[in-house]
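Heads up, the thing below is written out as structure tokens.
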Amino acid sequence: MKIAMIGTGYVGLVSGVCLADFGHQIVCIDKDEAKLALLRDGKIPIFEPGLDALMAANMAAGRLSFTSDLQQAITGAQAVFIAVGTPSRRGDGHADLSYVFAAVRELAAVLTDHVVIVTKSTVPVGTSRKVADLVKTVNPALDFDVVSNPEFLREGAAIDDFMHPDRIVVGVQTDRAAAVMQAIYRPLTDRGFPMLVANLETAEMVKYAANAFLATKVTFINEMALLCERTDADVNAVANGMGFDQRIGPKFLQAGPGYGGSCFPKDTRALARIGQDYAAPLQIVETVIKVNEEVKRVMIDKIIDLCDGHVRKKTIAVLGLTFKPGTDDMRDAPSLTIVPALVGQGADVRVVDPQGFREAEELLPGVTWYDDAYAAVQGADLVVILTEWDDFRRLDLARLSGSMASPRMADLRNVYDCDDALAAGFTYYTGVGRKSVMPPA
Ligand code: UDX
């Protein structure tokens, strides 16, 4: 089947490459000529393991191409996916739909034959219906269907997530549209991956509800961690104990410095706004947003406490800046709150990240960049593990502590164990929700 994909951002590119790999004929459309040139050259503008190789293979097989020519891309296409950005709108937290509607307007103006218009971008409930209204206004004679098909890709594992989804969610208004979506995803449903077919609003809601629920799970364990610290309970063991209950499950119970990324913060904010708009406020989601901010502040306090009450003129090595490992994405990363607070309070902050440097240099002024954790901690007063990159999971703790002026560690991802850190020469250590040894207050 020929499919056009509007937008070659993270979602559009991953979806386009994977759909091509199913055997479909995919034409990706973008306005950014420089980006298109890069893509045609087999290079990808984002960091996503395995994506470049899969893209190259499908381009070589003649199933995947890139163009700025919308007319050419849609000719003969049975479906057009819209995968443009829906960032948080400045000021009010609503999703900014201007890119979606701009794409739909342009698309509707050039369509002549029946097509299924699929919204892949994360959009508030009701948007797909507005997309349909807009198409009707621009091109009243056109025969078309709209579909909502949210994505659940995790950065760093996007290809695997696309190829082995927990579920495919499809919101439709007609059987005809459902049949096209079933044909597109047949390579997955034939292998037993479930497809939920529902109405447009339900599909849109599933995406927000799932992300808000996962953000709640993470925030729940983060808040539990703070209580564990006061009671000598160990949050990792608590999470294990909870996770064995199949109704709860073990995933997304890793305590840390707060969730970040391109989805959880934006989608929880947008969902909270939707709840307010419909006079059905989502108090749990609103609280999750607040607690997540609070968790980041608590991490700053932890660091200050570890530095004997102030960080002025202290040298702090921060390992990891991206919102999670396996990505170069800095969006809403906890480091963006924590690092500037330390710089603002007069600390000399050194940073290391295997990927974050691409974006973070502009976002984090006043820090010194290092290529390597061992170099960054030389003579430092504190090392902070902020993102659990594999490089930081296998550090030689004795070597680390041996080169520090004052060996102290804030392990905000619970990578190490307090006793191991002390045995390796650290004087003070704190994790999140676990045994810590802190300087006297
Ligand atoms: C998420 C969803 O998982 C995905 O389904 C959705 O479509 C897009 O948003 P992503 O943002 O890539 O994916 O990252 P994810 O792995 O879900 O992590 C989100 C945040 O939660 C990260 O900041 C991560 O560090 C944090 N997290 C996650 C924890 O702190 N503890 C956990 O146990 C799990």
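Just so you know, all these numbers are worked out from the coordinates, no wet-lab data involved. Since we're looking at a predicted model, the values are computed, not measured. Positions of Cβ are generated from backbone atoms using ideal geometry, with glycine treated the same way; all protein chains shown enter the neighbour counts.
Are there trypsin sites (Lys or Arg not before Pro) in region 244-322 that DSSP puts in a loop and that have at most 12 other Cβ atoms within 10 Å, and which ones? Answer by residue number: ARG247, LYS251, ARG312, LYS313.
Comparing LEU142, LEU107, LEU253 in a Gaussian network model of the chain where C-alpha atoms under 10 Å apart are linked, the largest mean-square fluctuation is found at LEU142. Close amide-amide hydrogen proximity is noted between ILE46 and no other residue 5 or more places distant or on a separate chain, at a cut-off under 5 Å (H modeled in the peptide plane; Pro and chain starts excluded). Under a 5 Å amide H cut-off, with hydrogens placed 1.01 Å from N, ASP411 pairs with ILE385, THR430, GLY431 among residues at least 5 apart or on other chains. Per 20 Å bin from zero, what fraction in whole % of the C-alpha pairs of the chain is there, up to the bin with the longest pair? For the chain, the binned pair fractions read 24, 50, 24, 2 percent. Approximating the spin labels as points 7 Å out from Cα along Cα→Cβ, the ARG191-to-SER68 distance works out to 3.6 nm.
Take the alpha carbon gyration tensor of region 291-430, find the square roots of its eigenvalues, order them as a ≥ b ≥ c, and report rounded if a/c is under 1.5; if not, report prolate when a/b exceeds b/c, else oblate.
rounded
Listed cross-link partners LYS35/LYS120; LYS136/LYS217; LYS251/LYS314 are compared with a 32 Å cut-off, the Cα-Cα value being larger for LYS136/LYS217; LYS251/LYS314. Quick one: go through region 426-440 and flag any residue whose amide nitrogen is under 17 Å from the point 7 Å out along the Cα-to-Cβ line of SER403. Counting backbone N atoms under 17 Å from the label point, the list is 426.
A simple spin-label model places the labels of ARG40 and ASP396 5.0 nm from each other, with each point 7 Å out along Cα-to-Cβ. In order along region 158-169, the phi-based Karplus estimate (6.51 cos²θ - 1.76 cosθ + 1.60, θ = phi - 60°) of 3J(HN,Hα) comes to 5, 5, 4, 5, 5, 7, 10, x, 5, 6, 10, 10 Hz; Gly and Pro are listed as x.
With 0.36 nm allotted per residue and the present C-alpha distance subtracted, the GLN345-ALA109 stretch has 79.5 nm of extension available. Peptides 211-219, 275-283, 183-191, 256-264 ranked from most to least packed, by the mean per-residue count of other Cβ atoms within 10 Å: 256-264, 211-219, 183-191, 275-283.
With a ≥ b ≥ c the root eigenvalues of the C-alpha gyration tensor of region 2-198, is it rounded (a/c under 1.5), prolate (a/b larger than b/c) or oblate?
rounded
I'd like the distance between the alpha-carbon centres of region 383-408 and region 296-342, rounded to an integer number of Å. The distance from the Cα centre of region 383-408 to that of region 296-342 comes to 14 Å. Here each label is just a point 7 Å from Cα along the line to Cβ, and for GLU294 and LYS31 those points are 4.2 nm apart. Among 413-419, 365-371, the peptide with the highest mean count of other Cβ atoms within 10 Å heads the list, and the full ranking is 413-419, 365-371.
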